[in-house]
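Below is one structure; the comments refer to it alone.
The values are calculated or read from the model by the stated rules, or taken from the named source; none is laboratory data. None of these values were measured; they are calculated from a predicted model. All Cβ positions, glycine included, derive from the backbone under ideal geometry; neighbour counts span all protein chains shown.
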Amino acid sequence: YLRYAACFKNVSLNEQKCADKYRTLAELFRKENEGDDDVNKGLRKWCCSYSSFVHCQNNHVAQYCGKQAGIFLRSYMDRMTGPLIHEHCPLYTYGLEACTTNIAA
């Protein structure tokens, strides 16, 4: 991980890459304790935002950090969050209708 960490950070925080998706996800984490009365709405927001961020990273990392970094990131993310995402977010992944309609709704 440390071999690619600086490039991953650049992709995540660069305004022309994934910064907007990173900020959205960070804001959802920050607001986690404020509570959303509708658990499904909150889950949808979180899952769609996370999925969008990971999709963005996957699109940019191989291009800017190298093919091996892209392969590593996919494997790393699947090991780190895969089981939780597959269990809690199967209806809310990048590209599905649930995530392409207005998430704030």
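Values computed for the structure shown
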quantity: Single match in G66, G95 (criterion: at positive phi and modelled with pLDDT under 85); calculated: G95
quantity: All helices (runs of 4 or more DSSP H) inside the chain with 1 or more residues being touching a residue at least 60 places away in the same chain (Cβ under 8 Å), among the hydrophobic types (A, V, I, L, M, F, W, C) and surrounded by 13 or more Cβ atoms within 10 Å (Cβ to Cβ); calculated: 5-13, 39-65, 67-88
quantity: Complete set of residues in segment 42-59 that are within 17 Å of G70 (Cα to Cα) and of a type outside the set (F, W, Y); calculated: S51, S52, V54, H55, C56, Q57, N58, N59
